Amino acid sequence: MRIIRDIDEAKAALRRSSLEPATIPAGMQQRIREIFGEALTADEAVRRIVTDVREKGDAALFDYIRRVDGVELDLLEVNDAERRQAYEEVDGELASALRTAAEQVRSFHQRQMSYSFQEFSHGGLGQVVRPIERVGIYVPGGTASYPSTVLMTAIPARVAGVAEVIIATPPKEGGRIPPSTLVAADIAQVDRVFRMGGAQAIAALAYGTESVPRVDKVCGPGGLFVILAKRMVYGTVDIDGLPGPTETVIVADETASPALCAADLLAQAEHDVLASAVMVTTSSTLAEETSAEVERQLGEIERAEIARQSIERQGIIIVVDSIDQALELANLYAPEHLSLMVRDAPSLVEKVRNAGGIFVGESTPETLGDYAAGPSHVMPTGGTARFRSPLGVADFLKLTSVVASSSADLERLGPIAATIARAEGFTAHARAVEMRLDQGRTKK
């Protein structure tokens, strides 16, 4: 791995890139030409898909599923028989693991619900808390299946009280949905599952079609086309954010194990060639040994080629003078995941200002957070941890203010409201208050 020892060079290396790359990869350019018969930017292609689905509904959905996924479908929705059959095709150990993970996720978010969201009423003022009515969750497909994403998104929605939870996921050959995804959907109490992926799925969820009900919010990770589509439909529906490639920062001192640091870096790198695996350490020896361990362990993992490309493109180890300097860089980068592999790691948590999740100490690999610890693994990326939070029950709740003024409240605050309204030039606002004040005085 590339090792950096200059702080200014380190800051430059940690600078973020934009959501859409300046140059679309050649493979994506060719695929766009095959689908649309002409050269388009990714943004233009997604806009065309979104517009077609909004205007043509199911017909456009079936057409893009055929053109993009290469799958001919008769039905978009997965039926109950297929969902039951999935249990026959999933290993019992995996089903058990999903149930245990689901309970962890559910338990964590129930505590979140208890502590954070309260209705109240005092002196005629208050707030009520209501869940969003219908949520659409995008679960990526591609070369893998992601049952963990189902648990980490659908369960917080259910805990929040969402009435209907819908999943969209890309179909594989023959229109098949991975059985593990369907088992996870059943465990998470998902209402409906649709065979659709990419920008066309996001558009269908946002606008509704003959077969797909319109939702109030779209959540979940995805590739570039999914992210661009979410950005386009925002305002028609709410979204959970625009998650980009996954990322981790390890802050480590001389007490950290180079083998474990390397294992954690590779666990991040194997996600995607665009994933970022970064370590910041006070130990030059640890930096050198971890770099060597990364190279050695690459020969032991199945997704070695993906991990190698990620490490070569974005992977860096930064050597700094102190842990405070390491945390300064981490807070500047605002990573999705921040692992503290240092002596007395719990004492540093309060110094972390910007991170999606903090993983404290050697016995807390980020993998636990990905699959089984409890908090949702859908976390802010691309530096958005400066102002965003991980997915949680708050994402599925809305607060409504309640104002119930008494005549005494009106007498006390009405003149104030009228004065400010007139200062802003809104005389009708002022009169609406003053008429009530006059009526009240006449009755007296």
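Please treat every number below as a calculation from the coordinates, not as lab data. Predicted model, so just to flag it, every value in this text is computed and none were measured. Cβ placement follows ideal geometry from the backbone for every residue including glycine, while neighbour counts extend to all protein chains displayed.
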Residues TYR371, TYR64 in order from fewest to most other beta-carbon atoms within 10 Å are TYR371, TYR64
Based solely on its DSSP helices, what 222 nm [θ] is calculated for the chain when runs of n ≥ 4 H residues each add -39,500 (n - 2.57) and the sum is averaged over all residues, nearest 500 deg cm²/dmol? -14500 deg cm²/dmol
Alpha-carbon centroids, the stretch 193-211 and the stretch 127-153: separation in whole Å: 14 Å
Identify the trypsin sites (Lys or Arg not before Pro) of the stretch 165-264 meeting these criteria: DSSP loop state and at most 15 other C-beta atoms within 10 Å of the C-beta. ARG176, ARG214
For the pair GLU89 and ARG111, how long in nm is the line joining their label points, each one 7 Å along Cα→Cβ? 3.7 nm
So which lysines pass the test for LYS230, namely a Cα distance under 28 Å, with those fewer than 8 places away in the same chain ruled out? LYS56, LYS172, LYS217, LYS398
Just for the chain, what percent of DSSP beta bridges are antiparallel, to the closest 5? 25 percent
Out of all DSSP beta bridges with both ends in the stretch 83-237, state the antiparallel percent to the nearest 5. 20 percent
Within the stretch 49-117, which GluC sites (Glu not before Pro) sit in a loop by DSSP and count at most 14 neighbouring Cβ atoms inside 10 Å? GLU72
With 10 angstrom as the radius, rank ARG54, ARG33 by how many other C-beta atoms surround their C-beta, starting from the fewest. ARG33, ARG54
Correct option for Rg and Dmax of the Cα atoms in Å [calculated from the coordinates] among (i) 24.4, 84; (ii) 25.6, 89; (iii) 20.5, 62: (ii)
Using the per-residue mean of other Cβ atoms lying within 10 Å as a proxy for protection, in what order, highest first, do the peptides 43-50, 125-132 fall? 43-50, 125-132
Using 0.36 nm per residue, how much length does the chain from VAL129 to THR367 gain when fully extended, once their Cα-Cα distance is taken away? 82.3 nm
Go through GLY141, ALA269, ALA430 and say which Cα lies farthest out towards the positive end of the charge dipole of the chain; charges sit on Cβ, +1 for Lys and Arg, -1 for Asp and Glu. ALA430
Quick check: pseudo-label points 7 Å beyond the Cα along Cα→Cβ at VAL349 and GLN297, how many nm apart are they? 2.4 nm
Determine, from the Cβ-Cβ distance of ALA12 and ARG47 and an R0 of 25 Å, the FRET efficiency 1/(1 + (r/R0)^6), rounded to the nearest 0.05. 0.15
For the chain, modelled as a Gaussian network with Cα springs under 10 Å, which listed residue fluctuates most, ARG303, ARG31, ARG67? ARG31
For a quick check, take a GNM of the chain with Cα springs below 10 Å and name the residue from ALA204, ALA423, ALA101 with the largest mean-square fluctuation. ALA423
Once the Cα gyration tensor of the stretch 238-378 is diagonalised, what are the square roots of 5 times its eigenvalues, in whole Å and ordered largest first, as equivalent ellipsoid semi-axes? 20, 20, 14
How about the stretch 395-444: which GluC sites (Glu not before Pro) there lie in a loop by DSSP and see at most 12 other Cβ atoms within 10 Å? GLU424
Calc'd 3J(HN,Hα), the stretch 199-213, phi into Karplus 6.51 cos²θ - 1.76 cosθ + 1.60 (θ = phi - 60°), Hz, glycine/Pro = x, comes to 4, 5, 5, 4, 5, 4, 5, 6, 9, x, 9, 4, 9, 10, x
If neighbour count is taken as other Cβ atoms inside 10 Å, put MET28, MET341 in order from fewest to most. MET28, MET341
Cβ-placed point charges (K, R +1; D, E -1), dipole of the chain about Cα centre in debye, nearest 20: 2140 debye
Can you give me the C-alpha center-to-center distance between the stretch 326-387 and the stretch 34-82, rounded to a whole angstrom? 37 Å
